[in-house]
């Protein structure tokens, strides 16, 4: 129980979609006043930093409709209902890059947009990568290019705005400073 | 024009709230198939890494209703319509911490949830901090504690899960490795 906790008086469901849901909660603030909170519900996701034996990282390039632009990210995807996040990470790696991993390590979990969404991302590092024959295909509405880049190249992509999302910006800094081969 | 661009056939507005809006777009995929995209529209935000002369960073602790928990973050806030993001950063620093800054530097912009939202965050570093007499107050529905921590303390907060959002995880790594006093 936090001293600043906001008690819910009523939850009004607005939308229940294929990926996200939206609700508006009436809450009581710590000072007794009332406020409304617009909240996006998301099933949660994983992302992973795939590292090659040469210390390069594997990235994917895809069009993101919400941003109306193509951006470069680390592989990531939504957790299916009941799925172990580590298995989600292994599955997304295969679907998006055609690679398997013999060494996958949990790193950190973070919320992406705590101001309005409950989405959390579990982040992993994947090493000892190998190509999979006939890899499973991902979502039929995903179109993806795979890139293998050095840390220096990734930093240039950040500087040029091609790497443009928080999890990947974190991943580049992490790979640069904290990753031991 | 990206080769993977998704052309919008129709946009269906679902919700228009105080902070976010929600729409569902019918799109044409690169292979000619159609798909639906659930998209949250957000006005955009800023966040900043306030650094003291001793190299400590200033963090804020607040309850986040979307996550139903209290988390620790770098100061951040939404951009008001027409507001210069750098002025948003200076305003949020004052409102959330009571501090001013004589040196604020733009660092990077990133999307927080490119899979379903257009929210972007402009990140700044603020130095030469000073206390403001009678600082402006922030949103009346925000209840915030201010913390001043060393990088080592911030890393412990990450390990314990108290620091739990992407922008702050990035900020801690950045402060540890890239920040020159």
Checklist entry - Does residue A:76 satisfy the condition of being under 13 Å from the mean Cα position of the chain (by Cα), away from every other protein chain (no Cβ under 12 Å), buried (at least 18 other Cβ atoms within 10 Å of the Cβ) and in contact (Cβ under 8 Å) with a residue 24 or more places away in the chain? => result no
Checklist entry - Is it true that residue B:62 is assigned by TED's automatic domain parsing to the domain that holds residue B:169 and within 26 Å of residue A:21 (Cα to Cα)? => result yes
Item to check | Residue satisfying all of: in segment B:15-52; more than 8 Å from chain A (Cβ to nearest Cβ) and without any contact (Cβ under 8 Å) to a residue 40 or more places away in the chain; farthest from residue B:85 (Cα to Cα) among these | outcome: B:32
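The values are calculated or read from the model by the stated rules, or taken from the named source; none is laboratory data. All values reported here derive from a predicted model rather than from experimental measurement. Counting neighbours? That spans all protein chains shown, and the Cβs are built from the backbone with ideal geometry, glycine included.
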